[in-house]
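In what follows, a single structure is set out as structure tokens and then discussed.
The values are calculated or read from the model by the stated rules, or taken from the named source; none is laboratory data. All values derive from a computational prediction rather than experimental measurement. All Cβ positions, glycine included, derive from the backbone under ideal geometry; neighbour counts span all protein chains shown. Ligands, DNA and RNA are stripped out before the accessible areas are found, and what is left, the full protein with its side chains, is counted by its heavy atoms. Shrake-Rupley method; radii C 1.70, N 1.55, O 1.52, S 1.80 Å.
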Amino acid sequence: MGTLNLEKGGTLNLSKYNGLKKIRVGLSWDEAEKNNVNDPDADLDLSFFVLRNNRIVNPNDVVFYDTVKRGIKVNGVQGAVDNRTGAGDGDDEIGLVEFDKLDPDVNKILITASVYNEVGKEKQTFKRIRNAKIYLMNEETGEKLVETYLTEETSVYTIVEFVMLEKVNGEWIFKSLIDGSTGDLETVYKKYC
């Protein structure tokens with residue numbers, strides 16, 4: 001079937017892939033050229049916000065690079081790789097979603113990409129990132145299903161709500177959001193609480 005490239009607002013009903021149980025979510029990106037050798041390195045992070053009945057009900061329903069280290073698990077959602085440079089080809093950040101292991105009250109999974117900003121250092125934005133894209137792949141078959149790219153309009157933001165997976169009438173839908181802000185993970189968390 002080929003990979004579908006969705007722009008902002010585009011949707012894909014994942015039920016058309018019969019028997020889809022487990023997807024890999026991949027984020028890839030490259031660091032933009034530095035203007036100054038003293039500019040800090042850019043680091044883009046993949047995060048998952050698990051919504052139960054349209055809201056986050058537990059702080060542990062946020063899966064990101066630190067949750068793996070702290071041993072926090074959310075049934076059906078797993079974060080794994082944290083590439084701090086974007087160097088090399090292929091995936092820089094990876095997560096997994098297993099639909100049949102999700103709790104029954106999970107009806108949305110928001111997937112974000114955020115620029116890591118170290119406390120006390122100059123705040124960085126997506127201007128320091130290029131070639132950023134998120135894709136979904138059928139983990140069992142290796143077939144890439146859909147991908148969506150960041151656009152130039154996100155360069156002023158520090159976090160982008162990239163994709164929403166939403167369960168509608170028992171079927172999972174992929175929605176390309178590309179909705180940015182100058183906030184952070186806590187900002188998004190509060191928005192959906």
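Below, the figures for the structure above:
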{"read-out": "Inter-label distance, nm, simple model (7 Å from Cα along the C-beta direction), LYS123/ASN60", "value": "3.2 nm"}
{"read-out": "Magnitude of the charge dipole, the chain, Cβ model with Lys/Arg +1 and Asp/Glu -1, debye to 20", "value": "560 debye"}
{"read-out": "Spatially proximal lysines relative to LYS144 (Cα-Cα < 18 Å; intrachain offsets below 8 disregarded)", "value": "LYS16, LYS21, LYS22, LYS133, LYS175"}
{"read-out": "Accessible area of the chain belonging to carbon and sulfur atoms, whole % at 1.4 Å probe", "value": "44 percent"}
{"read-out": "For the chain, accessible area per residue (1.4 Å probe, heavy atoms of protein chains only), Å²", "value": "51 Å²"}
{"read-out": "Highest-fluctuation residue, VAL106, VAL25, VAL37 considered, GNM on the chain with Cα pairs under 10 Å", "value": "VAL37"}
{"read-out": "Percent of C-alpha pairs per 5 Å bin, the chain, short to long", "value": "1, 8, 17, 21, 22, 16, 9, 4, 1, 1, 0"}
{"read-out": "Value of [θ]222 nm, deg cm²/dmol, for the chain, DSSP H segments ≥ 4, -39500 (n - 2.57) each, nearest 500", "value": "-2000 deg cm²/dmol"}
{"read-out": "Order by protection proxy (mean Cβ within 10 Å, highest first), peptides 107-116, 181-190, 154-163", "value": "107-116, 154-163, 181-190"}
{"read-out": "Most mobile listed residue (ALA42, ALA32, ALA132) in the chain, GNM with C-alpha springs under 10 Å", "value": "ALA32"}
{"read-out": "Table column - 3J(HN,Hα) (Hz), the range 156-173, Karplus curve with 6.51, -1.76, 1.60, x for Gly and Pro", "value": "8, 8, 10, 9, 10, 6, 6, 9, 10, 8, 10, 8, 10, 6, x, 10, 8, 10"}
{"read-out": "17 Å Cα-Cα reach of LYS127 towards lysines, excluding residues that sit fewer than 8 places from it in its own chain", "value": "LYS34"}
